[in-house]
Amino acid sequence: MKVLKKGDFLVIVTVAVAFVLSIALLFSFSKQGSRVVIKQNNKIVYNQSINKNNEFDTGTNVIVIKNGVVFMKNATCKNQICVKTGEISKKGESIVCLPNKVIVEIK
Amino acid sequence: MFAKQGNSGNKVNIKRLTLYALLTAVCLIIGYLESLLSITLIAVAPGVKLGLSNAVVLTLICTNDTKGAYLVNVIRICLSALLFGSPISFVLSLSGGITATFIAHILSRSKSVSAIGISIASAVTHNVFQLVAAVFIVGFGVLYYLPVLILLGAVCGAFCGILAQLVLKHSKNFKV
């Protein structure tokens, strides 16, 4: 018995194309960023140059901007996904903390 | 096979009812165990889960019980949101879950797609639509995850598909 049928390859090819397209989409955005924008509850609470070293506390999350890279130092949320995201520096990259509704974007 | 039994009269098919309840319970337990496992996966990609409970729903779809698949999936999502989740995780998994089941439903009508193909397609759809819902909640920044989610969706989907195919092969008594 054949494990994969004809339609399966069609599915795999479609997924592969979608994957390549999404990477292309990503790379078209991945220029070195210039500004750091921090939003909390959809309101902009911080908007400054990425080259300015700073530490910003939203009350729930502490974001560090140092030597052109941005990372979440600590957060009060349970899953700590935002802290584990690590450093971001390119345009379009972001760190998201869903539980605290904090989003750090580079523009 | 079952559809004829289910439509005969207004009597509820007790066997089916029990099967759905059992499968929903299995989904919830798998989902919980998975969330423990995913803590180690966070280092690779934040928030990624294997989606093993989709293998259960997939098994239902492959036995031509799409109604049951929608039912089990929606109940599973509601219950797991009540037990372990938050309103946001509920919206995310509901948008992903329903679209994924819909794609699986459509593909299952085609004879040339096996359980593995259906699983890959529905897992990727699940991840993409979850991301679409996340865009509405947190903004376009999350689109950054799209390639990672497509790739991991395909891998996890293939895994679940193989699992479902094995279950289908070895359980001839599954058709109640």
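Points to keep in mind about this one:
- The sole residue among A:G59, A:G92 that is in contact (Cβ under 8 Å) with a residue 24 or more places away in the chain, in contact with a strand residue (DSSP E or B) (Cβ under 9 Å, 6 or more places away or on another chain) and outside any strand (DSSP E or B) is A:G92.
- Qualifying residue in segment B:163-173 (condition: in contact with a helix residue (DSSP H, G or I) (Cβ under 7 Å, 6 or more places away or on another chain), over 21 Å from A:V11 (Cβ atoms), of a type in the set (D, E, K, R) and at pLDDT below 85): no
- Test: residue in segment B:127-138 that is without any contact (Cβ under 8 Å) to a residue 60 or more places away in the chain and in contact with a strand residue (DSSP E or B) (Cβ under 6 Å, 6 or more places away or on another chain): yes
Yes/no per residue for (1) touching a residue at least 24 places away in the same chain (Cβ under 8 Å); (2) surrounded by fewer than 20 Cβ atoms within 10 Å (Cβ to Cβ); (3) more than 11 Å from chain A (Cβ to nearest Cβ):
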position: B:L60; (1), (2), (3): yes, no, yes
position: B:N64; (1), (2), (3): yes, yes, yes
position: B:L92; (1), (2), (3): yes, no, no
position: B:S110; (1), (2), (3): no, yes, no
position: B:F140; (1), (2), (3): no, yes, no
position: B:V155; (1), (2), (3): no, yes, no
position: B:F159; (1), (2), (3): yes, yes, yes
position: B:I162; (1), (2), (3): yes, yes, no
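The values are calculated or read from the model by the stated rules, or taken from the named source; none is laboratory data. Just so we're clear, the structure is a prediction, and the values are computed from it rather than from any experiment. Every residue, glycine as well, gets a Cβ built from its backbone with ideal geometry; the counts of neighbours run over all protein chains shown.
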